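Structure, as structure tokens:
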């Protein structure tokens, strides 16, 4: 089939346009975990992969499983050779490509809308983050599976074990891919049952088709799935890689406090694009769900539930649903009489529609571009002062600053950083202790004494009050409503805590450093 040059050009221009938007939106967004990823990549090249914690004095004996070890090395090498901006562009390119993998040029214009809206709905998840790699690999995996199921002679499905071999050493999100592969295997097996044949013969799902001679056998899919699972064991930690996976997905506690683990609409990061994407997609899908292929419908439903429970799964949901979105757009158009379409759009040329669409997108992007000019606050100036303090004096630090401290002052052990919310060993739960101290709960002084804390590094909320207030104005109405509900806050074990700084000063701690971002107290 001859590929129209015009579509290729539009495709490349669209890719470039989205990449540039992503770049300028995220240029000043430094992920809190970037610092420890960078330092870990450097140390892996010197020492090999970590076996126990390298950075904290609170859990130095914890058996750390760095499921992103190869990505950490990549981050360090690229940053060292080409700098932060090139590294950011590479990660954004990986993420952006993920939104284009499923496009079928034959139905190009039906993909145009979901790709753009899906991309913008995920902008606040982008940056130098290993999760971008998982987005790309999920898109590729779905493409391999879909192509192989539609073409029995295709051998693309045999690339899955190699895909998982690479993926497992880059990011723990490989487990989501493995789940998808086994789920589709089970669904293909279900399609061969008498029950399924009865369902489609009864026209309950008119979109389902059963062709014995054209589908992959359940046996071949199962073998590929098993080999793919075995491929995930080829990593520095072997089967123990799954300890980290299940530790992450099984910890309900972090879902109450870590932003990316919050339910989708409980987060202040929920934006108009996310709401629009869900509203339009579900609005088109629900009336014609019976016409959607069983695999696609099941995946979309399951990952919608995952996304609603934990917003970090929303980008995966978008990648999964882009081809379904395009399909329901096509089906919707087929059901609209041609004279109505002619009346509505007959006088508008495609290029004008594209300009109108870009104009609408640009208007919606305004809040993102405005926020991109505000860099995330880190204790840059305080680092020099911290270096003058004895390393023997244990430091209590802000959770979001742990990775930055590991990067900028690696000789000083931290209390906590972004790796540790799910870490538990014996009777130690550092994230729980951190929250008790931060919220000045009863007994927090004893916890400080238990860890022999002599120095406390906090955000200077007094100086940053204006920034916090401005940020509060951008919160969506639902988030503000929920925050006002005392019963909900109590249910989530969130209380309006006292100021840790004030409580420490009352008990004799002294302020020894202060700037517009950070404040340091000493016992």
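General remarks:
- A count restricted to segment 268-281 and to residues that are buried (at least 16 other Cβ atoms within 10 Å of the Cβ) and in a helix (DSSP H, G or I) stands at 6.
- For residue 417, the conditions (1) at pLDDT 95 or above; (2) more than 30 Å from residue 245 (Cα to Cα) all hold with the exception of (2).
- Figure legend. Inter-residue proximity from segment 93-108: first residues assigned by TED's automatic domain parsing to the domain that holds residue 328 and surrounded by 17 or more Cβ atoms within 10 Å (Cβ to Cβ), second residues assigned to a loop (DSSP other than H, G, I, E, B) and at pLDDT 90 or above, beta-carbon distance below 8 Å, spacing 6+ or different chains. Indicated pairs: 95/122; 95/126.
- Single match in 199, 184, 180 (criterion: buried (at least 16 other Cβ atoms within 10 Å of the Cβ), assigned to a helix (DSSP H, G or I) and modelled with pLDDT under 90): 199
- Screening residue 162 against (1) surrounded by 21 or more Cβ atoms within 10 Å (Cβ to Cβ); (2) more than 12 Å from the chain's Cα centre (by Cα) leaves a single unmet condition, (1).
- Exclusive hit being touching a helix residue (DSSP H, G or I) at 6+ places or on another chain (Cβ under 6 Å), surrounded by fewer than 22 Cβ atoms within 10 Å (Cβ to Cβ) and assigned by TED's automatic domain parsing to the domain that holds residue 329, set 12, 19, 81: 19
- Any hit, segment 311-333, residues being in contact with a helix residue (DSSP H, G or I) (Cβ under 9 Å, 6 or more places away or on another chain), outside any helix (DSSP H, G or I) and modelled with pLDDT under 95: no
- Some residue of segment 452-459 being under 25 Å from residue 377 (Cα atoms) and modelled with pLDDT under 95: yes
The values are calculated or read from the model by the stated rules, or taken from the named source; none is laboratory data. In this text, all values refer to a predicted model and were calculated from it rather than measured experimentally. Cβ sites come from the backbone with ideal geometry, for glycine too, and all protein chains shown count toward neighbours.
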